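To start, the structure itself, in structure tokens.
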2 protein chains.
Amino acid sequence: MTIEKLNLAEKLALFQDHWHPRIAGELNGQQVKLVKVRGEFVWHAHADEDELFLILRGEMRMELRGRDPIVLRPGEFLIVPRGVEHRPVAGVETEILLFEPASTHHTGGVDSPLTREVLEKV
Amino acid sequence: MTIEKLNLAEKLALFQDHWHPRIAGELNGQQVKLVKVRGEFVWHAHADEDELFLILRGEMRMELRGRDPIVLRPGEFLIVPRGVEHRPVAGVETEILLFEPASTHHTGGVDSPLTREVLEKV
């Protein structure tokens, strides 16, 4: 078994496309993912999975159905509880670390041009 | 249900003691913890839990029984798989974000003066 550290900046430099998460680590049935975003994602929810967004660079607004949006900056994280419909929006390119169950589908089952069925490791 | 973001620096400013993790978030049976460390922790392992260490500030050396140690700097994370005996050591004060199951006991059942039986939320 190999045990290696992972450098976030080095991994983020390996890809440029937006809304395409990569798997950076796995533990306890959960995954750490890295994603770059810009623009508007699709409204969606995850019925059985809570989702953590930790901002590494940039700025993101999390829109939450029926609630005030929450603006997130580097060094801030938000946990979106299961069942809560949400939509990430970023005016500038934003780098995010996600922590969520390995079963989590990023568009929550919503079929969108942004949907990625299979995620690669970075 | 309240949905709020959390600012890591603001929360880290609220406590100063070392080797005393605080709970910063909970999702999917996992917890996000924040801890400040300096010096040597105790050798321990977690039989059923993988543990993620993300360095926010400072520098930490993770000693791993029977393996080379791994030096971690800000923006780097390490997943210590279940069953692997490990010991964090930090020459300077180091701030760490932990992701691990809510059931994880920080000294892995080893009774030490550093052991905290109950962790508070920050």
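Please report, for A:Leu14, the nm distances (one decimal) from its label point, 7 Å out from Cα along the beta-carbon direction, to the equivalent points in the remaining copies, shortest first.
3.6
Quantify how strongly other chains surround peptide A:6-13 by giving the mean number of their Cβ atoms within 10 Å of each of its Cβ atoms.
Per-residue shielding by partner chains comes out at 3.
Across peptide A:99-111, what mean number of C-beta atoms from other chains lies inside 10 Å of a residue's C-beta?
Working: counts 8, 3, 4, 0, 1, 1, 0, 0, 0, 0, 0, 0, 0.
The mean count of partner-chain Cβ atoms within 10 Å per residue comes to 1.
Could you tell me the relative contact order of chain B? Use alpha-carbon pairs under 8 Å, at least six residues apart, and round to a whole percent.
Relative contact order for chain B comes out at 33 percent.
Determine the shape class of region B:15-101: with a ≥ b ≥ c the square roots of the Cα gyration tensor eigenvalues, call it rounded for a/c under 1.5, and otherwise prolate if a/b is greater than b/c, oblate otherwise. Let's see the in-between values first.
Details: a/c = 1.59, a/b = 1.04, b/c = 1.53.
Oblate is the answer for region B:15-101, as a/c is 1.5 or above yet b/c matches or exceeds a/b.
Can you list the aspartates and glutamates whose alpha carbon is less than 12 Å from that of B:Lys36, not counting same-chain residues fewer than 8 positions off?
Partners within reach: B:Asp17, B:Glu59, B:Glu93, B:Glu95.
Calculate the mean, over all residues of peptide B:29-38, of how many other protein chain Cβ atoms lie within 10 angstrom of the residue's Cβ.
Rounded to a whole number, the mean comes out at 2.
If only Cα atoms are counted, what is the Rg of the protein assembly as shown, and what is its Dmax, in Å?
Using the Cα atoms of the protein assembly as shown, the pair Rg, Dmax is 17.7, 55 Å.
When the dipole is taken about the Cα centre of region B:15-101, and only Lys, Arg (+1) and Asp, Glu (-1) are charged at their Cβ, what size is it in debye, to the nearest 20?
200
Need one word for region A:1-60: rounded, prolate or oblate. Basis is the Cα gyration tensor (sqrt eigenvalues a ≥ b ≥ c); a/c below 1.5 gives rounded, then a/b vs b/c decides.
Note, shape of region A:1-60 comes out oblate.
Values in this text are rule-based calculations from the coordinates and carry no lab data. All values derive from a computational prediction rather than experimental measurement. Cβ coordinates were reconstructed from backbone atoms using ideal geometry, including for glycine residues, and neighbour counts include every protein chain displayed.
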